[in-house]
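Okay, structure first, notes after.
Every number here is computed from the coordinates shown, using simple stated rules; none is lab data. Keep in mind the model is a prediction, meaning the values are calculated, not measured. Glycine also receives a Cβ, built like all others from the backbone with ideal geometry; neighbour counts cover every protein chain displayed.
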Amino acid sequence: MIKLFEPLALRGITLKNRIVVSPMCQYSAKDGFANDWHLVHLGSRAVGGAALIIQEATAVSPEGRISPEDLGIWNDEQVPMLRRSNDFIAAQGSVPGVQLAHAGRKASTYAPWRGEGAVPETEGGWPVVGPGNEAFAPNYPQPQALDVAGIQKVIDDFRAAAQRCLEAGFQVIELHGAHGYLLHQFLSPLSNHRTDAYGGSFENRIRLLLEVVAATREVWPENLPLIVRISATDWTEGGWNADEAVQLAAMLKTRGVDLIDCSTGGNVPKAPIPVGPGYQVQFAERIKAEAGIRTGAVGLITSPVEAEAILANGQADLVLLAREFLREPYFPLFAAQDLGVEVPWPAQYERAKPRVHKEVAAGPR
């Protein structure tokens with residue numbers, strides 16, 4: 001049996017295979033509103049056979065955007081266009097998901113092809129917030145430390161966004177607790193130097209994430225899955241580490257989280273990250289084994305054989321692909337061909353469907 005094309009049940013949702021489109025910022029929104037680019041970008045991956053399509057980091061508040069061009073879900077007017085994309089995704093047999101995010105001290109920065117560092121308010125930038133007043137890097141905005149009222153607003157914003165997600169037709173929520181954005185900023189002692197109930201000890205540093213999870217679960221239906229993406233390590237001495245990630249994952253499991261999306265890094269500029277094929281899979285494997293929760297593996301997974309090996313070896317329950325899906329929107333259809341699995345193609349494309357080889361390919365297509 002080829003694991004990559006086995007269904008996976010998460011609460012009341014069944015994924016038709018184990019291939020997930022990882023959230024990828026498109027920097028193509030205006031005032032947080034989705035448009036035709038998002039419809040075509042996400043919809044083409046549904047046509048291509050992905051089981052779950054997680055929409056890019058979608059800000060729960062205007063100040064939570066990474067860039068002025070980020071998607072948002074902070075008001076009701078943003079819902080209809082999101083619903084349009086989600087209805088199309090669901091009609092192709094895929095599950096529409098969304099990553100809810102707050103960028104914290106990494107907000108108000110340029111889209112990659114527009115520049116680097118802070119966007120000045122004269123060009124559409126805004127004041128940013130964080131656990132403290134320390135900027136991510138010298139060319140990033142100086143944040144204002146969140147007080148208790150500000151922290152409560154963040155929690156309320158996530159709750160309200162989750163409610164809108166339901167109205168928009170999303171069936172999976174992923175909370176973004178990775179890559180140096182706000183929830184990760186609170187987790188890591190490198191960015192969280194608070195001395196109140198939200199800083200210092202491990203229990204205090206994870207408090208905001210746990211409260212956001214609880215607020216989300218208050219409004220997110222029991223039959224729909226909740227995922228949390230974490231950076232399992234800062235790759236820096238004295239930072240957030242894999243031992244803490246395992247401990248956190250076990251606690252999240254008891255609080256209604258169904259799967260941990262295991263990434264790394266992003267909280268420290270120029271961290272010594274050993275980037276290479278499958279370099280983050282070890283963390284998905286460890287968290288799955290030690291915390292007893294399902295995991296997703298992500299990071300430079302580029303071939304069907306690689307993806308199948310991760311699942312067949314029990315290292316993760318899902319594989320999430322990002323840049324490979326930018327190169328090949330129909331990755332699952334061709335992966336099935338390479339691995340000798342018969343899967344349906346869209347009726348409109350059936351005439352172009354290749355014949356499936358019965359033997360498993362030795363390498364990527």
Assertion target for Trp113, Trp240, ordered by fewest C-beta neighbours within 10 angstrom first, is Trp113, Trp240
Excluding near-sequence neighbours (fewer than 8 apart on one chain), the stretch 3-352 holds lysine pairs with C-alpha atoms under 29 Å apart numbering 13
Residues whose built amide H sits under 5 Å from the amide H of Ile54, excluding neighbours closer than 5 in sequence, are Val21, Gly97
Ordered by number, the trypsin sites (Lys or Arg not before Pro) in the stretch 3-53 that occupy a DSSP loop and have at most 15 other Cβ atoms within 10 Å are Arg11
For the chain, longest principal axis from Cα atoms; helix 242-253 axis from its Cα atoms; angle between them, nearest 10 degrees, is 80 degrees
Mean projected area (nm²) from the convex hull of Cα positions in the stretch 42-171 is 8.6 nm²
Relative contact order of the stretch 1-93 (C-alpha contacts under 8 Å, at least 6 apart) in percent is 30 percent
Expressed as a whole-number percentage, the relative contact order of the stretch 114-186 with C-alpha contacts under 8 angstrom and at least six residues apart is 23 percent
Under the rule rounded for a/c under 1.5, else prolate if a/b exceeds b/c, else oblate, using alpha carbon gyration tensor axes a ≥ b ≥ c, the stretch 244-323 is classed as oblate
For the stretch 3-352, the Debye formula with one identical point scatterer on each Cα and no solvent gives log10 I(q)/I(0) at q = 0.09, 0.12, 0.13 Å⁻¹ as -0.44, -0.81, -0.97
Length-normalised contact order of the chain, Cα under 8 Å, at least 6 apart, in percent, tallies to 16 percent
Proxy exposure order for Tyr330, Tyr279 (fewest C-beta within 10 Å first) is Tyr279, Tyr330
For the chain, longest principal axis from Cα atoms; helix 207-219 axis from its Cα atoms; angle between them, nearest 10 degrees, is 60 degrees
Most exposed first, judged by fewest Cβ atoms within 10 angstrom, Cys165, Cys262 run Cys165, Cys262
Per the C-alpha gyration tensor (a ≥ b ≥ c, the square roots of its eigenvalues), the stretch 159-301 is rounded if a/c is under 1.5, else prolate if a/b beats b/c, else oblate; here it's oblate
